[in-house]
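The values are calculated or read from the model by the stated rules, or taken from the named source; none is laboratory data. All values reported here derive from a predicted model rather than from experimental measurement. Note: ideal-geometry Cβ built from the backbone for every residue, glycine included; neighbour counts use all protein chains shown. SASA here: full protein model, heavy atoms, side chains in, ligands and nucleic acids out. Shrake-Rupley method; radii C 1.70, N 1.55, O 1.52, S 1.80 Å.
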Amino acid sequence: MEYLNNVSTDSGPTATGSGAVNKILCCECGVPIEPNATNMCVPCLRSHVDITENIPKQAVIFFCRNCERYLNPPNEWVQCTLESKELLSLCLKRVQGLRQVKLVDAGFVWTEPHSKRIKVKLTVHGEVMNDVVLQQVFVVEFTVNNQMCDDCHRTEAKDFWRCMVQVRQKAVNRKTLFYLEQMILKHRAHENTLGIKPSPGGLDFFYATDAHARKMVDFLQAVLPVKVTSSKKLISHDIHSNSYNYKYSYAVDIVPISKGSLVCLPKRLAQQLGHIAPVCLVTKVANAIHLIDPQTAQLAEVQNMAFWKTPFEAICNPKQMIEFVVMDVEFRDQKAFPGQGPVSVRHTLADVWVVKSSELGVDGSTVHVRSHLGNLLKPGDTVLGYDLREANVNNDYYEKLSSDDAVPSILIVKKSFDKTVRKRNRNWKLKHLNEDIVLDTDIENDYNEFLEDLEEDPELRQNVNIFKDSKRQIAVDTNDMDDPSVPRITLEEMLDDLVLDDAEMGGS
């Protein structure tokens with residue numbers, strides 16, 4: 001077998017002697033050549049035979065612009081970079097007829113990256129007449145056509161999902177849901193969602209794979225006390241391949257308690273928490289429920305498992321708070337009320353005499369209250385609290401309280417400020433998962449209370465991204481700055497909001 005590429009076409013005299021090869025003339029052009037089976041030179045042989053005639057010189061490959069992947073027949077999409085081995089292998093699979101020849105070499109020919117053209121230079125060997133092997137080099141041009149892959153189709157459709165996470169909270173106040181929304185935004189836990197749909201009492205998150213949904217569920221379990229219930233629904237079943245297609249759903253129930261709620265603990269749970277008083281205030285709802293006894297400043301934390309083992313509900317919600325006016329404050333010794341649990345160092349016990357704002361000026365309306373907010377109060381301040389004398393409490397644990405349990409008649413929750421002034425002088429804002437949601441009156445009131453909690457609690461806003469509001473520029477000489485006790489967020493705690501103005505970018 002001879003490779004005719006290397007056949008010499010020298011027309012000089014034929015050598016004689018031992019080992020000499022007699023030359024013959026090509027039967028087509030008469031050029032002296034070494035004898036071969038076809039008696040033709042290489043150019044004449046190539047003019048008669050084309051070993052690449054059954055191989056197409058043009059082909060098409062498909063590219064998804066959304067995920068930047070190429071289609072690997074029949075239905076696999078792979079990630080390839082330009083002039084990579086993976087892309088070369090994919091292109092060779094699209095060339096038909098290569099099995100009839102022997103592929104020797106393959107490589108890319110440079111093209112403009114944005115030309116939507118990919119050229120591959122191939123070197124092949126093929127047998128022609130009478131077992132003669134011919135080598136030939138040719139170029140195949142691939143046209144890159146855009147085609148959206150199935151995954152991107154499902155993402156763009158917005159209504160396709162395989163897994164759903166339903167987040168619900170059965171509570172009157174929605175401040176815990178607002179806090180969860182900010183935690184999701186800060187940690188970017190919603191990146192893999194196909195869509196987010198608000199629903200009464202919570203949010204619905206839709207995902208394409210079960211792994212992404214489980215990742216969201218794990219995040220929710222890490223930031224809040226929740227209970228998770230999973231279920232699945234059979235969509236289709238292939239009896240030949242024994243494959244099943246399911247849709248998964250995860251129901252996530254958040255504890256029905258928010259910051260500022262008044263709760264009544266079961267007797268056994270109160271004993272496990274250091275014999276804390278059964279009637280407590282909720283100071284924070286994070287990965288655990290943080291409680292404080294207003295009469296002794298004793299602290300306690302209810303973990304996730306402990307709550308769902310013996311669940312309890314709020315006997316009073318922030319919407320039931322009444323406004324009081326502080327008449328006098330007298331500090332008390334913290335050691336006079338020893339407790340078995342940790343005691344807050346941020347609060348100071350005090351005896352406070354208050355009057356309802358609606359009964360101000362009425363004789364005999366002053367009531368004595370023991371409060372943990374002694375370091376924040378002074379005569380003349382306005383506070384918000386619960387009046388259990390007039391509250392209609394329907395709770396089994398509260399009804400079982402005995403006379404030995406010191407249940408206060410009035411509990412002070414927090415110091416009150418002018419809501420109108422605070423809202424007008426608020427020069428910061430928060431972002432939302434869905435900016436198109438229109439808040440009704442009740443939800444807007446809950447949201448304003450959540451913003452006030454952020455201003456009053458530095459620890460709470462550590463997990464929240466707060467942005468400067470360029471539309472709300474507050475003058476330096478505003479009147480509300482005269483009161484240094486008004487809680488506010490400093491400029492150092494705010495982030496610059498990135499706003500892309502299409503008009504400015506178009507004019508540049």
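Measuring only protein heavy atoms, the 1.4 Å probe finds M40 accessible over about 20 Å². Over the chain, DSSP H runs of length four or greater, each weighted -39,500 (n - 2.57), average out per residue to a 222 nm ellipticity of -5500 deg cm²/dmol.
Rounded, prolate or oblate, given the Cα gyration tensor of the chain, with a/c below 1.5 counting as rounded?
Prolate is the answer for the chain, as a/c is 1.5 or above and a/b outweighs b/c.
In plain terms, the chain from N448 to E112 could stretch by 115.4 nm, reckoned as 0.36 nm per residue minus the Cα-Cα distance. Computing the accessible area with a 1.4 Å probe over protein heavy atoms, can you report the carbon and sulfur percentage for the chain? Heavy-atom surface of the chain belonging to carbon and sulfur, 1.4 Å probe: 48 percent. Rounded to the nearest whole Å², what accessible area per residue is found for the chain with the 1.4 Å probe? For the chain, the per-residue accessible area is 57 Å².
The Cα atoms of segment 155-239 give a gyration tensor whose axes a ≥ b ≥ c have a/c of 1.5 or more with a/b greater than b/c, which makes the shape prolate.
Which net charge results for the neighbourhood of L376, defined as the other residues with beta-carbon distances under 12 angstrom from its beta-carbon, given Lys and Arg at +1 and Asp and Glu at -1? Result for the local shell: +2.
Taking chymotrypsin sites (Phe, Trp or Tyr not before Pro) across segment 78-183, the ones in a DSSP loop with at most 16 further Cβ atoms lying within 10 angstrom of their Cβ are W110, F160. Summed over all non-identical Cα pairs, the Kirkwood treatment of segment 313-399 gives a radius of 14.6 Å. Short-range pairs are left out: with C-alpha atoms under 8 Å and at least six residues apart, the relative contact order of segment 244-397 is 23 percent. Solvent-accessible surface (1.4 Å probe) assigned to H187 amounts to roughly 100 Å².
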